[in-house]
Amino acid sequence: MAKRSASQELLEFEIRFYERLLNEHPNFPEVLAALGNSYTRSGLYDKGLALDLRLIRLRPHDPFAWYNLACSYALTKQSDEALKTLNRAVELGYDDFSYLMKDPDLVSVRHAPALKQLLKAHLSQKMSSS
């Protein structure tokens, strides 16, 4: 049996901690987000997606919740949903496009024409409102 690294042990501890906390407080947005992040870091993308879907029901106007949902869709190879969800995140105010273009979670959609159109449309809107 392979020995786990200290970082793996810490990540497993985080997951157990957040799962217990979420069990006691199922609608705690900060815990949903933290556990979703821990799941993603562990490669448990489907579990992260399920939490992100719960989170946007609690925070339907939060651009970062929508952005994280888009990342989960991309990681689970649901490119169309990822792109639609990224669009929603941008509509709600997400604008860290330099990070978006290097986010490893979005590698599966980074070169999609729809993403390029989204960025172009947002830049056009930004220029016309200045």
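The values are calculated or read from the model by the stated rules, or taken from the named source; none is laboratory data. These numbers come from a predicted model, not from an experiment. Positions of Cβ are generated from backbone atoms using ideal geometry, with glycine treated the same way; all protein chains shown enter the neighbour counts. Accessible surface is based on the protein model in full, side chains and every heavy atom, while ligands, DNA and RNA are left aside. Shrake-Rupley method; radii C 1.70, N 1.55, O 1.52, S 1.80 Å.
Based on protein heavy atoms only, the chain ends up with 63 Å² per residue of surface accessible to a 1.4 Å probe. Leaving out ligands, DNA and RNA, what percent of the accessible area of the chain is carbon and sulfur, probe 1.4 Å? The nonpolar share, carbon plus sulfur, comes to 56 percent. Taking all Cα pairs closer than 8 Å and separated by 6 or more residues, the relative contact order of the range 2-63 comes to 28 percent. Considering only SER42, SER108, SER98, the Gaussian network model of the chain with Cα springs below 10 Å gives its largest mean-square fluctuation to SER98.
Taking Cα atoms only, the orientation of helix 45-58 departs from the longest principal axis of the chain by about 70 degrees. Helix 113-129 and the long axis of the chain differ in direction by around 60°, with both axes built from C-alpha atoms.
Using a Gaussian network model of the chain in which every pair of alpha carbons under 10 angstrom is joined by a spring, one finds that among ASP46, ASP103, ASP62 the greatest mean-square fluctuation is at ASP103. For the chain, the relative contact order comes to 16 percent (Cα pairs under 8 Å, sequence separation of at least 6).
List, in the order given, every pair from LYS3/LYS102; LYS47/LYS102; LYS3/LYS77 whose Cα-Cα distance in the structure shown is over 26 Å. From the list (LYS3/LYS102; LYS47/LYS102; LYS3/LYS77), the Cα-Cα distance tops 26 Å for LYS3/LYS102; LYS3/LYS77.
What label, among (i) 2, 10, 14, 14, 12, 10, 9, 8, 6, 5, 4, 3, 2, 1, 0; (ii) 2, 11, 19, 20, 17, 13, 9, 5, 3, 1, 0, 0; (iii) 2, 11, 16, 15, 14, 13, 12, 9, 5, 2, 0, belongs to P(r) over Cα pairs in 5 Å bins from 0, in percent computed from the structure on display? After the calculation, the listed value that fits is (ii). Taking trypsin sites (Lys or Arg not before Pro) across the range 1-32, the ones in a DSSP loop with at most 11 further Cβ atoms lying within 10 angstrom of their Cβ are LYS3, ARG4. Based on Cα contacts under 8 Å between residues 6+ apart, the range 59-130 shows a relative contact order of 31 percent. Applied to the range 31-44, the Karplus parametrisation 6.51 cos²θ - 1.76 cosθ + 1.60 on θ = phi - 60° returns per-residue 3J(HN,Hα) values of 6, 4, 5, 5, 5, x, 5, 5, 4, 4, 4, 8, x, 8 Hz, with x for Gly and Pro.
Comparing LEU115, LEU11, LEU49 in a Gaussian network model of the chain, where Cα atoms under 10 Å apart are tied by springs, the biggest mean-square fluctuation is seen for LEU11.
Annotation for the range 38-130: trypsin sites (Lys or Arg not before Pro) lying in DSSP loop with at most 16 further Cβ atoms inside 10 Å of their Cβ are LYS77, LYS102, ARG110.
Against the chain, whose longest principal axis comes from its Cα atoms, helix 63-75 is set at around 70 degrees.
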